[in-house]
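A short worksheet on the structure shown next.
A short reminder: the numbers here are calculations on the coordinates, not readings from a lab. Everything numeric here is computed off the predicted structure, so don't read it as measured data. For neighbour counting, all protein chains shown are included, and Cβ atoms are generated from backbone atoms with ideal geometry for every residue, glycine included.
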Amino acid sequence: MNQLKEYADKQLQTAIQLLETFTPGADEEIIHQLRVSLKKIKALRLFISTLHPAKAKQIRKKVQLIFRAAGSIREAQLQLQWLKKKRYLHLIEAASLAKRITEDEELFLQQKESFLTLLTSIREDVLKQIHKVKSTAVTHYAVKLKAALHEQVKHVVKNDWHELRKLSKQLLYAYQWISEHDKLKVMTVLSYHSIDQLQEEIGIWHDLVDMQQWLLDEQFFLSSDVSVKQQDKKASEQLDKSLLLQEQAVLRQLLVIKKPANQK
């Protein structure tokens, strides 16, 4: 079995196992790790789209159904985690996040069997499409991704950071599909870690942006409860400061990526 097929089979089996163990109120890591595996499957789907566009489109529809349902739960979990960490108890109560998570988990449970059927189908589709893919095709794909990444880094603006992160993660995933012998044809270990650090910094920044948008959407500032309004104001100010600091972290890492190899 080649490197790509081993990777694909492992991620698909992991996703199936995680889905099988899901129950409402279970460890939050189950949904988190399920989404991680689904992201890796989505990355495989993107690669397949360069070879078999029509089949990749079918796979995408199936994966997205599960990914979005799990995402609804994970989004609320992250919001609740942040509010708990900052001790914004009045906002937690006003948003009814615990109730929303319970409802979303119950809905997910109702769809669990159909999702398992979908994942089994996705596994068959993915493994069939990559069965005859040559290792040279995977290496060539990764090299093209790296070239595209370095081109985007030169002129990227803040509004495009999230898309840059997607490209970075696609490259990092593709790197895992390549044999150890061929990895240096794509990038050094140092380059890999620099790009991984970049996507991590952008990910933290994007989570803060999402949290800021959620606070606005909830319109806590219109609440008749003074405590809710006060905590909303404090949370908004805290997010503004955190975003400024995180933007600087992203910019610093972008400079690392831009720097010529002989200067690193």
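Under the membrane-span-like helix rule (DSSP H runs whose alpha carbons stretch at least 20 Å along the helix axis, mean Kyte-Doolittle hydropathy 0.5 or higher), the chain yields none. Taken about its Cα centre, the chain carries a charge dipole of roughly 1220 debye when the Cβ of each Lys and Arg holds +1 and the Cβ of each Asp and Glu holds -1. Sorting 116, 190, 208 by the number of Cβ atoms found within 10 Å of their own Cβ, with the fewest placed first, yields 190, 116, 208. When +1 charges are put on Lys and Arg Cβ atoms and -1 charges on Asp and Glu Cβ atoms, the dipole computed for the stretch 1-133 relative to its Cα centre reaches about 720 debye.
For the chain, the residue among 162, 49, 96 whose Cα projects farthest onto the positive side of the dipole built from Cβ charges is 49. Treating each Cα of the stretch 1-60 as an identical point scatterer and summing with the Debye formula, the log10 of I(q)/I(0) at q = 0.23 Å⁻¹ comes to -0.92. Ordered by the number of other Cβ atoms lying within 10 Å of each residue's own Cβ, fewest first, 74, 68 fall into the sequence 68, 74. The share of alpha-carbon pairs in the stretch 1-133 lying farther apart than 20 Å comes to 48%. One compactness figure for the stretch 130-264 is 1.38, namely its Cα radius of gyration divided by 2.2 N^0.38 Å. If you wrap the tightest convex hull around every Cα atom of the chain and split its volume per residue, you get 137 Å³. For the stretch 134-264, the relative contact order works out to 29 percent when only alpha carbon pairs closer than 8 Å and six or more residues apart are counted. When the Cα positions of 239, 254, 179 are compared along the charge dipole of the stretch 134-264, 179 comes out farthest toward the positive end, with charges on each C-beta of Lys, Arg, Asp and Glu.
Restricting the calculation to Cα atoms, the stretch 110-189 yields a radius of gyration followed by a Dmax of 16.4, 47 Å. Sequence-distant contacts, meaning Cα pairs under 8 Å at least 6 residues apart, place the relative contact order of the chain at 21 percent.
Centroid-to-centroid, using Cα positions, the stretch 134-149 and the stretch 5-50 are 23 Å apart.
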